[in-house]
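Let me begin by presenting the structure, written as structure tokens, before commenting on it.
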Amino acid sequence: MPRKLPPLPFHDPVSLRSAARAAIVMPAVFAIADKVIAKPQLATFAAFGSFAILVFAEFGGPMRSRLVAYVALAAAGAANIVLGTLCSRSAWLAAGAMAVLGFAILFSGVINGYFAAGSTAAMLTFILAVTIPAPFSAVTQRLEGWALAAAAGICAQLLLWPQRPQPSLARDAGRATLALADLADAELARDPQQVADRTHSAGVAVRALRRRFLATPHRPAGPTGPQAALGGLVDELEWVLSVLAPPAEPPGLEVCPEENGRAVAAAVTALRAAAARLDGDDAQPDFERLAATRRDLAKAVARRLPDLPPVPDDRMLLHTLTPAFRIRGLSYAAQEVARRALVVSGGQLPADEDEHPGPWAAVTRPVRSTLQATELLTAEHVSARSIWFRNSVRGAVGLAVAVYIAQRSGLQHAFWVVLGTLSVLRSNVLGTGWSILSALAGTAVGIVVGAAIVIGIGTHEAVLWAVLPPAVLLASYAPRAISFAAGQAGFTVVLFILFNLIQPSGWRVGLVRIEDVAIGFAISLGVGLLFWPRGAAALLREHLADAYARNADYVAAAERELVDGGDTAVSAGAAQAAAAASHRLDDAFRQYLTERSPQAVMRDSVTSLVAGAGRVRRTAQSLASLAAMADGSPRLEPCGGNLDAEVNALRAWYVTLGDALAHATAVPPPHTRDGEGRRRLLECVHAAVTSGDRTKVRPALDLLWASQHLDVLWALEQHLGRHAAEAIRPR
């Protein structure tokens, strides 16, 4: 039997369909504009406008969302053409407008993934208009060409080989949620082998979801409810997995086994309903059951805690409460997963039946205020520490310089100077340098091939028209399915053909192309050196340090609020600062993962450190939820004060860890625990529980659970220290 050959490494049906769509529609639009309407300005904008919509801006999602995105892009493109034409006859005005508009378009990507996905196409319309000087009277032809391109491109994107629903991030999250529900079910059944098998399966599903989430070029997070909910769902599922992971020690004495079982069963049901919602079903999570079983569990523990037999030491007391602690955490995590699943799937959240809102409630309310949320998200990134801000400034300055040089130098096709700059602006100078080599190599190949085609064809216009569709097919398919250099080669061939159809000049077009893009590449490299000489890895370490420090501050503020009521404004401010630092870290980590330079190594350790920062923040949120439950209740301040030394030691360790990452210094060993303070805490709590005053039992239980949260952070130190040492090890 003959051996079957493996598929080609660059085989990509989705990219091939998209490229075929562009190869059919773009030449047809250009032919109508050039031969039927016969207006040069209109033909130019129709050709490049259709290429922008068909190749540079392919939006995903439901049909309605895609239509809205394409129509918005068409409107933005029209405005850009008007502004670009108005500024096209003054180099200074053109450069200034390019700087402002370029920053606005690039930075808007932080608000919405669609904005980010359409940024190149939107800027292309302005670049084309501003680098081809013309009187303002030419704007009518230009808008007509863009309108023709937009109408044809949008219809083609939505109707010609319409995008099939791909396995979405939400469906991947549904599969991971279902795997976690199966694991919780196995723990409820107390089958060790089944627990081990399902722990492995759930871990694989959650890690696969995380990889896909990080591989998404534009993270699904923004000011709108569904985007924010989906953006945090990945972290929430990782938290569920950490809660369900079998403990290192055998579980202690179950204080209330029946209530434990009912709470786990309610969590399993909620997780299964959430998985169904994420998979497209209309299941409704039972929030009331979750809240009721959680309240019953807390009441049962508080009721039976005074009647427990004496335990030999503090370790045994906390060990006895571990099962209830884990199940309570599972219940809250299941509730937040279910909330997010409802919002992601377009469902309506019911009135909160619980005694307090969950830590994610602020982002899962149906409609708060999109404008306020947008302002908050923007404020988080208006900082030199933000990847989005730096990239936006670099891109805006680079494009402005390119526009000015292109206008002042009098190059024949100045448009390609700016396009060359746009095409190779990358994360850092090393990445930009690699892009330059790839682009120059691809352009050289394209010049050779294009020149050979033009020389062979000569002045036979009909043959040039026949070659145009295959050239567009290659230029559209190659960048995504083969390589960046191959895309540059294909694009250069298209340029040869287009310019020889618009203004025949033979192989000399190639010389113009190589001259113009080389200038653009030099600008891109210079801007990279000026604005980001260190690269993504160094900035990622800075953001890790900031995230650990802000999250540790949040832990300390939440502990103070729990112990003595604290200042809720301080706790809220710490929570907001931690959220902003986490968002910036997420963006920096994505940039790091797409880094082209050889510095992007030891990704497993870096991934663990990023996840560790999330664990610290999630612990702070859990402490804050305990403080919210205690609002208005009696406080055991003398008992809670014994947590202060441990919290301060934890905060100092995590801040030092961040400093070690940022400056590549020695990683601190796990801190020495405050055993004396722990002993005093348990003695004080025991005295409160056995005093006969039932009003003191619940705050005593909250302090014990808070102590267990701190235990989690202490146990995490050795794990994170090992990965930090590996991440900063010289190579």
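Of the residues in region 584-601, at least one is assigned to a helix (DSSP H, G or I), at pLDDT below 80, in the same structural domain as A666 (by TED's automatic domain parsing) and among the small types (G, A, S). The residues of region 234-256 that are at pLDDT 75 or above and either in a loop (DSSP other than H, G, I, E, B) or closer than 15 Å to S331 by Cα (or both), listed by number, are E236, L237, E238, W239, V240, L241, S242, V243, L244, A245, C256.
Rundown of residues vs (1) buried (at least 18 other Cβ atoms within 10 Å of the Cβ); (2) on the phi < 0 side of the Ramachandran plot; (3) among the polar types (S, T, N, Q), yes/no style:
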| residue | (1), (2), (3) |
| --- | --- |
| T131 | yes, yes, yes |
| A138 | yes, yes, no |
| I154 | yes, yes, no |
| W161 | no, no, no |
| G174 | yes, yes, no |
| A179 | yes, yes, no |
| S201 | no, yes, yes |
| V204 | no, yes, no |
| L209 | yes, yes, no |
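Mind listing just one residue for me: the one in region 475-506 that is at pLDDT 75 or above and either farther than 17 Å from F48 by Cβ or among the small types (G, A, S) (or both) and, of those, surrounded by the fewest Cβ atoms within 10 Å (Cβ to Cβ)? So, considering only residues that are at pLDDT 75 or above and either farther than 17 Å from F48 by Cβ or among the small types (G, A, S) (or both), the one surrounded by the fewest Cβ atoms within 10 Å (Cβ to Cβ) is Y477. Within region 101-128, residues that are without any contact (Cβ under 8 Å) to a residue 40 or more places away in the chain reach partners that are aromatic (F, W, Y) and surrounded by fewer than 23 Cβ atoms within 10 Å (Cβ to Cβ) with beta carbons closer than 6 Å, at six or more positions or on different chains, in the pairs S108/F115.
Counting only helices (runs of 4 or more DSSP H) that sit wholly inside region 24-122, not one has at least 3 residues that are crowded, with 17+ Cβ neighbours inside 10 Å, outside the structural domain of R142 (by TED's automatic domain parsing) and among the basic types (K, R).
The values are calculated or read from the model by the stated rules, or taken from the named source; none is laboratory data. For clarity, every value in this text was computed on a predicted model and none was experimentally measured. All Cβ positions, even for glycine, are placed from backbone atoms using ideal geometry, and neighbour counts span all protein chains on display.
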